[in-house]
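Enquirer: Mind looking over this structure? Questions follow.
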Amino acid sequence: MWRRTLLAVATVALAAAVGLGIGVLVAGPSLRATTFGAGGAIIGVWVCIGTAFVVTSGGPRSAARAVVPVPAVVLAAAPADASPADVWRWSVAVTTEADRRRTIGYETYVERPFMQEQADRARERYAAVYRAYVKTARELGLPLREPEIPLDVTD
């Protein structure tokens, strides 16, 4: 961290010195040259800062990973020797079903005929999420919640 900071300060100082030097060379040794050189130094510093912003404004170097909270029911029901992959899978199934449960009624409400296709797709997505939840609940021995909307979920 300090090495980058020191490098940035040195780069800004170098840009200012180059700007001042070019200003003095162009205008000659006088008060006007000093003013012109100071302007060159300021321009050099801003060019350096702008370049730094452009270089560092890219996205994160590593892809952000989704953070999935582990629900208390999963922690309580999971076997002690469960693998992290299984705990993650169970957590995703339980939290996804809970999240979808909040909005599925709105997504499947059909007010006009053209909304039917969208509602059918939402129902299919919820059915897949609910099937994953049922599988998880059976693996962990959790009591099953009824689906939020009527589904034809067969195993």
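Table: residues versus (1) of a type outside the set (Asp, Glu); (2) assigned to a helix (DSSP H, G or I); (3) under 21 Å from ALA72 (Cα atoms); (4) in contact with a His (Cβ under 6 Å, 6 or more places away or on another chain).
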site	(1), (2), (3), (4)
GLN116	yes, yes, no, no
ARG121	yes, yes, no, no
TYR126	yes, yes, no, no
TYR133	yes, yes, yes, no
LEU142	yes, no, yes, no
PRO150	yes, no, no, no
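Enquirer: Same structure, new question: Assuming ALA82 fulfils every condition listed in (1) among the small types (Gly, Ala, Ser); (2) at pLDDT 90 or above; (3) surrounded by 14 or more Cβ atoms within 10 Å (Cβ to Cβ) apart from one, which condition is it?
Expert: Going through the list (1) among the small types (Gly, Ala, Ser); (2) at pLDDT 90 or above; (3) surrounded by 14 or more Cβ atoms within 10 Å (Cβ to Cβ), ALA82 breaks only (2).
The values are calculated or read from the model by the stated rules, or taken from the named source; none is laboratory data. Everything numeric here is computed off the predicted structure, so don't read it as measured data. Here the Cβ is made from the backbone with ideal geometry for all residues, glycine too, and neighbour counts use every protein chain on show.
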